[in-house]
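Remarks on the structure that follows.
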Amino acid sequence: MEYKISELAQKAGVTKRTIHYYIAKGLLMPPNGSGVNSSYDDSHLERILLIKKLQAQYLPLSKIREYIFEGKNADKFENKLPQNTNNLYSVSESNIYIRENIANVFEIHCSQENAQKYQYIIENVKKYVEKMLED
């Protein structure tokens, strides 16, 4: 299916400016044609939806670009992501950092390695804060 930029933006849930930004950053292919005759297709829509999904997992655009264009790194990310990616907030070259929400009031940020190593402490802090908020 073909879309004008406003149709693509609406369908993808982004702004026209975001689409232009993704094109400028090399995350999205330019439209077919130019000027008022330019159009986008389903591959553009799918790419924007993938970018949004990865952003929801707190990947920065630089890492999203690697994920999209460097197939060898896609496996690296897939294998390293924690099971609950809702807590993922940042990826660096060698570390994944986790965001643990505590009673929707506080957050603990730590490396994935430390989150696994000190999981019992994190769980106890969560329980303590929840108990204190009940009182």
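The values are calculated or read from the model by the stated rules, or taken from the named source; none is laboratory data. Since the structure is predicted, the reported quantities are computational estimates derived from the model, not experimental observations. Note that each Cβ is placed from the backbone with ideal geometry, even for glycine, and that neighbours are counted across all protein chains shown.
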**Q.** Inter-residue pairs, beta-carbon under 7 Å, first over 14 Å from residue 6 (Cα atoms) and assigned by TED's automatic domain parsing to the domain that holds residue 1 and in the range 31-57, second surrounded by 12 or more Cβ atoms within 10 Å (Cβ to Cβ) and small (Gly, Ala, Ser), 6+ apart
**A.** 32/38; 32/39; 33/39; 49/12
Q. Would you pick out the residues in the range 29-48 that are under 15 Å from the mean Cα position of the chain (by Cα) and either of a type in the set (Gly, Ala, Ser) or exposed (fewer than 14 other Cβ atoms within 10 Å of the Cβ) (or both)?
A. 46
Q) Regarding residue 63, is this residue in a helix (DSSP H, G or I), over 21 Å from residue 1 (Cα atoms) and in the same structural domain as residue 5 (by TED's automatic domain parsing)? A) yes
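Any idea which of 63, 25, 16 is touching a strand residue (DSSP E or B) at 6+ places or on another chain (Cβ under 7 Å) and either surrounded by fewer than 14 Cβ atoms within 10 Å (Cβ to Cβ) or free of Cβ contacts under 8 Å to residues at least 40 places away in the same chain (or both)?
Working: 25 fails: touching a strand residue (DSSP E or B) at 6+ places or on another chain (Cβ under 7 Å); 16 fails: touching a strand residue (DSSP E or B) at 6+ places or on another chain (Cβ under 7 Å).
One residue alone meets the criteria, 63.
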(Q) Considering only residues that are touching a strand residue (DSSP E or B) at 6+ places or on another chain (Cβ under 6 Å) and either in a helix (DSSP H, G or I) or among the polar types (S, T, N, Q) (or both), which ones fall in the range 51-60? (A) 57
